[in-house]
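Notes follow the structure.
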Amino acid sequence: MSTPLVPVVPLSPAEDGAKSPVDHAPAPTPSPESSSPRSPLVALKHDKPLSRSSSLLELLHLKDVHIPTPPPVKFAPLVVPRHRRLQTAVVATWSVMIPICLTVFYGSLFFSKWLRPLAVIYAVWFIVVDRAWRHKGGRRKDWVRRSAFWRYFADYYPITTVKEADLPADRKYVFAYHPHGIISMGAACTFATEATGFSSLFPGVTCHLLTLDANFWIPLYRDILMGMGLASVSKRSCRSILKMGRSICIVIGGASESLYAYPGTNNLTLKKRLGFIKIAIREGANLVPVYGFGENDIYELLPNEKGTMTYKFQKWFQGTFGFTVPFFHGRGVFTYNYGLMPHRRPVTVVVGAPIPVKQIEKPTDEEVQAVHNQYIEALQALWDKHKDEYAKDRKSELKLVA
């Protein structure tokens with residue numbers, strides 16, 4: 001199966017460690033054991049009587065440690081233009097679409113005697129029968145992709161699409177999108193909707209955005225995704241769509257790359273990603289590098305350096321379930337710096353020129369690596385050409401981290 005950058009308010013040290021009044025009782029005579037190291041709890045027992053005003057930091061000998069406090073809440077103004085309210089409402093709705101779909105389905109299944117039969121039939125159908133997301137590229141509906149809902153969604157950031165070259169309609173393509181970001185909003189808007197005018201920019205090219213299989217096991221939500229033209233990112237699904245003469249878009253970095261999605265950075269997981277290259281060669285599809293400038297800026301990623309418990313948990317979760325859970329925050333409906341909605345920051349999706357690929361049914365490792373190197377060079381050239389226009393506030397250059 002997504003305004004200029006707003007500087008993040010730095011955390012300031014807390015002023016919690018104010019000294020407490022000290023008892024005027026004489027200090028106890030030190031014992032021979034007092035010179036040996038003691039735990040804080042032992043120190044509390046023997047050092048001095050505790051006053052009621054003693055703070056926890058002082059009691060634990062941590063009164064000099066400064067605990068950072070979060071920045072104050074920035075509330076949105078009460079009076080905003082109607083179109084901006086609609087944009088916020090649309091993005092907020094999509095942010096909780098999975099809970100909405102689950103509530104409707106399970107509410108019908110367990111709490112409505114009239115809707116329960118329909119819910120049971122639907123559950124059997126999508127669990128046992130329906131496999132359109134694996135073999136047919138979903139159930140793409142033009143009216144779903146052209147809905148006004150997605151226009152408000154794209155205008156919220158805003159998300160725009162820029163093309164570098166025409167794409168002949170008699171060819172099929174593998175669009176490779178970078179970076180993954182937290183949820184790949186730029187890829188979703190560009191390739192799964194008509195909000196940024198994909199069909200007008202590339203007439204005759206039918207493209208399916210690909211996502212994890214897990215999304216198609218969520219009742220009702222799966223049908224929305226398939227109506228947008230989303231399909232499985234499995235090898236079988238990729239080849240099936242390309243054999244139909246259509247194109248696919250793959251967000252190359254996947255779950256691993258979302259762990260590096262800090263605002264202003266451009267770290268890509270690409271060095272060992274060869275699957276999309278092999279598919280393009282075997283099906284004779286041209287490769288198209290795509291970069292979403294600003295994709296990493298719409299959320300704030302919490303620190304997760306290697307070696308920390310957060311990083312270890314995320315890697316374990318990824319190895320167990322096939323996807324990861326980056327810890328992030330954005331803004332809220334009524335606040336600008338707390339919540340799970342994305343920030344209003346522009347995302348510019350630049351679609352590069354196609355790279356011709358010769359069809360080979362069984363390519364060698366050397367042939368795959370050669371095309372991979374050619375692709376990296378094209379992606380680097382795309383970045384260098386547009387970075388000063390669309391990534392003015394970047395903190396780092398394009399970097400392959402894995």
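Bear in mind these aren't lab numbers, they're just calculated from the coordinates by the rules spelled out. Predicted, not measured: the structure shown is a model, and the values here were computed from it. Reconstructed Cβ throughout: ideal geometry from the backbone, glycine too, with neighbour counts over all protein chains shown.
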Problem - FRET efficiency for Val79 and Lys243, using Cβ-Cβ distance with R0 set to 35 Å, rounded to 0.05 - result: 0.05
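Which of Arg236, Arg82, Arg331 comes first, and how do the rest follow, when ranked by fewest Cβ neighbours within 10 Å? Show your work: numbers first, answer last.
Working: Arg236 10, Arg82 7, Arg331 23.
Going from least to most buried by this count: Arg82, Arg236, Arg331.
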Exercise for the section: Would you work out the charge dipole size for segment 339-402 about its Cα centre, treating the Cβ of every Lys and Arg as +1 and the Cβ of every Asp and Glu as -1, and quote it to the nearest 20 debye? Expected result: 500 debye
Exercise for the section: Nearest 5 is fine: what % of DSSP beta bridges in segment 82-400 come out antiparallel, could you say? Expected result: 25 percent
Exercise for the section: Report the extension gain between Phe321 and Glu377 in nm, rounded to one decimal, defined as 0.36 nm multiplied by the number of residues separating them, less their alpha carbon distance. Expected result: 16.9 nm
Fill in the blank from the handout: Taking R0 as 60 Å and r as the Cβ-Cβ distance between Ser112 and Lys399, the FRET efficiency 1/(1 + (r/R0)^6), rounded to the nearest 0.05, comes to 0.70
Practice task
Treating cross-link reach as a plain straight distance, find the lysines whose alpha-carbon is under 16 Å from the alpha-carbon of Lys278, omitting any fewer than eight places away in the same chain.
Solution key: Lys172, Lys235, Lys243, Lys358, Lys362
Problem - Mean Cβ count within 10 Å, highest first, over the residues of peptides 222-228, 115-121 - result: 222-228, 115-121
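Calculate, in nm to one decimal, what Ala89 and Arg146 gain on full extension: separation in residues at 0.36 nm each, minus their alpha carbon distance. Walk me through the numbers before you get to the answer.
Details: separation 57, 0.36 × 57 = 20.52 nm, distance 1.81 nm.
Net length gain for the segment: 18.7 nm.
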Practice task
For an R0 of 51 angstrom, estimate the FRET efficiency from the Cβ-Cβ distance between Ile98 and Ala169 and round to the nearest 0.05.
Solution key: 0.90
Handout entry: Descending semi-axes in Å of segment 82-400, equivalent ellipsoid built from Cα gyration tensor
Key = 30, 25, 20
Exercise for the section: Let me know the shape class of segment 188-254, please: from the alpha-carbon gyration tensor, a ≥ b ≥ c as square roots of the eigenvalues, rounded when a/c is under 1.5, otherwise prolate if a/b is greater than b/c, or oblate. Expected result: oblate
Exercise for the section: Classify segment 66-120 as rounded, prolate or oblate from the Cα gyration tensor: take a ≥ b ≥ c as the square roots of its eigenvalues, call it rounded if a/c is under 1.5, otherwise prolate when a/b beats b/c and oblate if not. Expected result: oblate
